[in-house]
Amino acid sequence: MHDVPVPTPPVYKTKNVFIVVMDGARYSETYGEPTQVNIPRIKNLALQGVMCTSFYNDGQTVTVPGHTAMTTGNYEVINNGGFEIPSYPSIFQYYRSQFSASAEDAWVITSKDKLEVLSDCIDSNWEGKFRPQTDCGVNGNFTGYREDSVTYQHVIDTVKKYHPHLVLVNFKHPDAAGHANNWVDYINQTENVDKYAGQLWNYLQSDDTYAGTTTMFVTNDHGRHLDGIADGFVSHGDNCKGCRHIFLLGVGPDFKTNYIDENKYSLIDIPSTVSKLMGINFPNGQGKVMTTILK
């Protein structure tokens with residue numbers, strides 16, 4: 001294997017990062033809704049941190065490519081069924097290699113089984129190496145999706161047992177309800193993921209390992225078609241603003257507070273910013289550090 005980049009000296013308070021993905025919720029039903037009625041806990045967390053209102057998926061607006069962008073810092077065309085692993089090493093692999101961290105120190109915990117592909121890449125220098133632990137779907141790729149309530153409990157159990165430093169969590173239900181053409185359930189499931197995000201943050205702040213040293217991002221992998229485009233909220237996957245425009249919440253010790261950031265950012269900027277906060281050398285990422293959200 002080629003020489004592994006060494007971490008940069010830490011200059012921030014952040015020692016742990018959680019990336020929480022509300023799968024497939026449209027901006028118009030989240031922060032773009034005038035009163036943010038469907039995301040009250042995220043709205044409250046934004047008072048403690050930063051809400052990026054011009055945040056986008058600039059790649060394929062489907063699940064696996066969206067998550068790949070936020071873990072590798074690259075937009076790439078990749079199979080959305082779990083049949084293909086990303087081309088580039090992830091933030092998890094760089095973190096583990098540079099900090100000599102155990103596999104239990106980095107996790108991908110997802111309701112969708114296919115997101116297990118995020119744990120590896122086809123780069124010959126990295127394939128099969130420094131992979132994070134995974135807890136995806138019923139029991140890994142091709143075993144089926146599971147309920148978000150199960151995923152949330154697995155997150156809490158993992159945090160209690162291993163106290164990992166770097167975690168990605170996917171909650172699938174807003175996307176599933178949209179595809180089922182069930183508007184009431186789509187709203188209810190958006191509210192449920194909002195609840196899980198709020199509960200997770202409260203739990204982390206009650207844990208001495210995480211309190212005061214933890215950053216949490218909450219975002220979407222993609223949105224949904226605007227009303228009047230194709231079948232509207234039922235589907236997604238094109239270039240319409242409904243599919244591309246999403247939100248990003250950032251809360252943690254190094255962010256501004258009660259701050260609305262209107263600068264244009266996108267999914268590939270998440271791992272670059274995580275790397276900056278945690279002192280990870282992240283040479284393959286094509287995103288930029290979201291400097292305007294930092295104190």
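For this structure, a couple of remarks:
- Each listed q (0.20 Å⁻¹) maps to a log10 I(q)/I(0) for the stretch 34-148 from the Debye sum over equal C-alpha point scatterers, namely -1.10.
- When a 1.4 Å probe is rolled over the protein heavy atoms, the share of accessible surface on the chain that falls to carbon and sulfur comes to 49 percent.
- Farthest toward the positive end of the dipole of the stretch 1-89, out of G59, V17, Y75, is the Cα of V17, where the dipole comes from beta carbon charges about the Cα centre.
- Among H179, H67, H165: highest mean-square fluctuation, GNM of the chain, C-alpha pairs under 10 Å: H179
- From the alpha carbon centroid of the stretch 222-244 to that of the stretch 248-283 is 26 Å.
- Signed unit charges on C-beta, dipole axis of the stretch 100-204, positive-most listed residue I109, H165, V138: H165
- Take the Cβ atoms of S87 and H179, set R0 to 41 Å, and the FRET efficiency comes out at 0.90.
- Share, in percent, of DSSP beta bridges within the chain that are antiparallel, nearest 5: 30 percent
- Accessible surface computed residue by residue for the chain, with neighbouring protein chains in place and a 1.4 Å probe, gives 37 Å² per residue.
- For the Cα trace of the chain, dividing Rg by the Kirkwood Rh returns an Rg/Rh value of 0.93.
- Using 0.36 nm per residue and subtracting the Cα-Cα separation, the extra length available between I122 and D231 on full extension is 35.7 nm.
- In straight-distance terms, cross-link reach from K43 covers every one of the lysines whose alpha-carbon lies under 28 Å from its own, apart from those fewer than eight places away in the same chain; here that gives K13, K15, K112, K160, K172, K195, K241, K256, K264, K276, K288, K295.
- At least 20 Å along the helix axis (C-alpha) and Kyte average at least 1.6, DSSP helices within the chain: none
- D by Stokes-Einstein for the stretch 81-188, Kirkwood Rh over Cα pairs, 10 °C, 1.306 mPa s: 109 µm²/s.
The values are calculated or read from the model by the stated rules, or taken from the named source; none is laboratory data. Remember, predicted model here, so these are calculated numbers, not experimental data. All Cβ positions, even for glycine, are placed from backbone atoms using ideal geometry, and neighbour counts span all protein chains on display. Note: areas computed on protein heavy atoms with side chains; ligands, DNA, RNA excluded. Shrake-Rupley method; radii C 1.70, N 1.55, O 1.52, S 1.80 Å.
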